[in-house]
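The values are calculated or read from the model by the stated rules, or taken from the named source; none is laboratory data. As the structure is a computational prediction, the values presented were derived from the model and not from experiment. As a convention, Cβ positions derive from the backbone with ideal geometry for all residues, glycine included, and neighbour counts pool all protein chains shown.
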Amino acid sequence: MSAAALAAMAEDTLSRRDFERISRYIYQQAGIRLPPAKLTMIEGRLRRRVRATRRATLNDYCAWLFDGDHLDGEKEHLLNAVTTNKTDFFREPKHFDYLQQQALPAMRAEGRQRLRVWSAACSTGAEPYTIAMLLDTYAREHGGPDYGILATDLDTEVLAVARRGIYPSVLLDPVPPALRGRYVLRPRDAARDEVRIAPELRAAVGFARMNLMDDHYPVGAPMDIIFCRNVLIYFDKATQQAVVRRLVSCLRPGGLLFLGHSETITGFDLPLTAVANTVFQRT
């Protein structure tokens, strides 16, 4: 990109009115708060859409969206652009220690022969594939239970990455060597610095688009375990409580809800009991 083009990009900013219009729309559609401190970040993320839609400037893009009646067609791309998708394999590892050492043995002792697990806001798939590695390993070592994992996200672009299951090699560094050896495939061409999740593990995870702002979560039968981590931090208190209430409605009595370590449900009137740090059981 030429110096002139870079300079023009730096001078292209959102007006206060257009930032407020974007912020209000994103809150209505996804429950995500965009305070003024996020202005520069949002400008950077929307510039790709400015180029893709062949608009001249950020404000021209907003006029095209809101005044030109293009919101319906652009909605998915807009939400994809502003969604934050931080994810890692074995992120917040104490949750996975609890899953292996406490949750799975307890559910096996109850006689549960098949577990249903939901990874909400799964991003590019590191979380559901981490869960699948642990469930599959436990099932191999103990003769069950069978399991199925639903993984959902608002962002269709990250879901496409998750379905492919191909990642830079460094992203798999937190995976223990024994699990890497069993569940991670390396390319024949050593120069390709990427790996792929083994097909049997990919087959155990079903990916689907879902918006946690929807009034109903169509996940089928009640879940045994739900992971919804580091998502509530983007919502205000009222939205947090509404989302957690809907999650709990999808959880069987005795099932477990895992939230992010920085998230709290203190003060929420919900049928949940804390059983570990940010791990809750439905009563």
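Determine which single condition residue 266 fails, assuming it passes every other condition in (1) at pLDDT 95 or above; (2) over 17 Å from residue 153 (Cα atoms); (3) not aliphatic (A, V, I, L, M).
Evaluating residue 266 over (1) at pLDDT 95 or above; (2) over 17 Å from residue 153 (Cα atoms); (3) not aliphatic (A, V, I, L, M) leaves (1) as the failure.
Looking only at segment 54-66, decide whether some residue is closer than 29 Å to residue 280 by Cβ, touching a Ser or Thr at 6+ places or on another chain (Cβ under 9 Å) and aliphatic (A, V, I, L, M).
Taking segment 54-66 as the starting set, the residues that turn out to be closer than 29 Å to residue 280 by Cβ are none.
Scanning segment 54-66 turns up no residue that is closer than 29 Å to residue 280 by Cβ, touching a Ser or Thr at 6+ places or on another chain (Cβ under 9 Å) and aliphatic (A, V, I, L, M).
Which of the residues spanning segment 134-153 are in a helix (DSSP H, G or I) and β-branched (Val, Ile, Thr)?
Step one: list which residues in segment 134-153 are in a helix (DSSP H, G or I), which gives 134-142.
Within segment 134-153, 137 is the sole residue that qualifies.
Of all the residues that make up segment 95-144, how many are touching a Pro at 6+ places or on another chain (Cβ under 9 Å) and hydroxyl-bearing (Ser, Thr, Tyr)?
So the count comes out to 3.
If residue 116 passes every condition in (1) among the charged types (D, E, K, R); (2) in a strand (DSSP E or B); (3) outside the structural domain of residue 233 (by TED's automatic domain parsing) but one, which one does it miss?
Tallying (1) among the charged types (D, E, K, R); (2) in a strand (DSSP E or B); (3) outside the structural domain of residue 233 (by TED's automatic domain parsing), residue 116 fails exactly one: (3).
Quick check on segment 76-89. Is at least one of its residues within 23 Å of residue 121 (Cα to Cα), surrounded by fewer than 16 Cβ atoms within 10 Å (Cβ to Cβ), at pLDDT 90 or above and of a type in the set (Lys, Arg)?
No, segment 76-89 contains no residue that is within 23 Å of residue 121 (Cα to Cα), surrounded by fewer than 16 Cβ atoms within 10 Å (Cβ to Cβ), at pLDDT 90 or above and of a type in the set (Lys, Arg).
Quick one: would you say residue 174 is without any contact (Cβ under 8 Å) to a residue 40 or more places away in the chain and out of contact with any His (no Cβ under 9 Å at 6 or more places or on another chain)?
Working: without any contact (Cβ under 8 Å) to a residue 40 or more places away in the chain: no; out of contact with any His (no Cβ under 9 Å at 6 or more places or on another chain): yes.
It is false that residue 174 is without any contact (Cβ under 8 Å) to a residue 40 or more places away in the chain and out of contact with any His (no Cβ under 9 Å at 6 or more places or on another chain).
For segment 38-62, enumerate the residues that are in contact (Cβ under 8 Å) with a residue 40 or more places away in the chain and part of a helix (DSSP H, G or I). Full working, then the answer.
In the first step, residues of segment 38-62 are kept if they are in contact (Cβ under 8 Å) with a residue 40 or more places away in the chain; the result is 42, 57-59, 62.
Listed by number, the residues that qualify are 42, 58, 59, 62.
When the residues of segment 245-272 are filtered to those that are β-branched (Val, Ile, Thr) and either in contact with a helix residue (DSSP H, G or I) (Cβ under 7 Å, 6 or more places away or on another chain) or outside any helix (DSSP H, G or I) (or both), which remaining residue is farthest from residue 214 (Cα to Cα)?
Of everything passing the filter in segment 245-272, 266 is farthest from residue 214 (Cα to Cα).
Taking residue 207 as meeting all but one of (1) surrounded by fewer than 16 Cβ atoms within 10 Å (Cβ to Cβ); (2) in a strand (DSSP E or B), write down the number of the exception.
Exception for residue 207: condition (1).
Looking at segment 81-98, which of its residues are within 18 Å of the chain's Cα centre (by Cα), assigned to a helix (DSSP H, G or I) and closer than 28 Å to residue 278 by Cα? Give the steps one after another, and end with the answer.
Applying the first criterion (within 18 Å of the chain's Cα centre (by Cα)) to segment 81-98 yields 81-93, 95-96.
Keeping just the survivors that are assigned to a helix (DSSP H, G or I) gives 81-82, 93, 95-96.
The answer is 82, 93, 95, 96.
Check whether at least one residue in segment 217-237 is at positive phi, surrounded by 13 or more Cβ atoms within 10 Å (Cβ to Cβ), part of a loop (DSSP other than H, G, I, E, B) and touching a residue at least 12 places away in the same chain (Cβ under 8 Å), and report yes or no. First the steps, then the outcome.
Initial filter on segment 217-237 (at positive phi): 220, 230.
Adding the requirement that they be surrounded by 13 or more Cβ atoms within 10 Å (Cβ to Cβ) leaves 230.
Still in the running and part of a loop (DSSP other than H, G, I, E, B): 230.
Checking the rest, the ones that are also touching a residue at least 12 places away in the same chain (Cβ under 8 Å) come to 230.
Yes, some residue in segment 217-237 is at positive phi, surrounded by 13 or more Cβ atoms within 10 Å (Cβ to Cβ), part of a loop (DSSP other than H, G, I, E, B) and touching a residue at least 12 places away in the same chain (Cβ under 8 Å).
Assuming residue 102 fulfils every condition listed in (1) surrounded by 14 or more Cβ atoms within 10 Å (Cβ to Cβ); (2) in a loop (DSSP other than H, G, I, E, B); (3) not aliphatic (A, V, I, L, M) apart from one, which condition is it?
(2)
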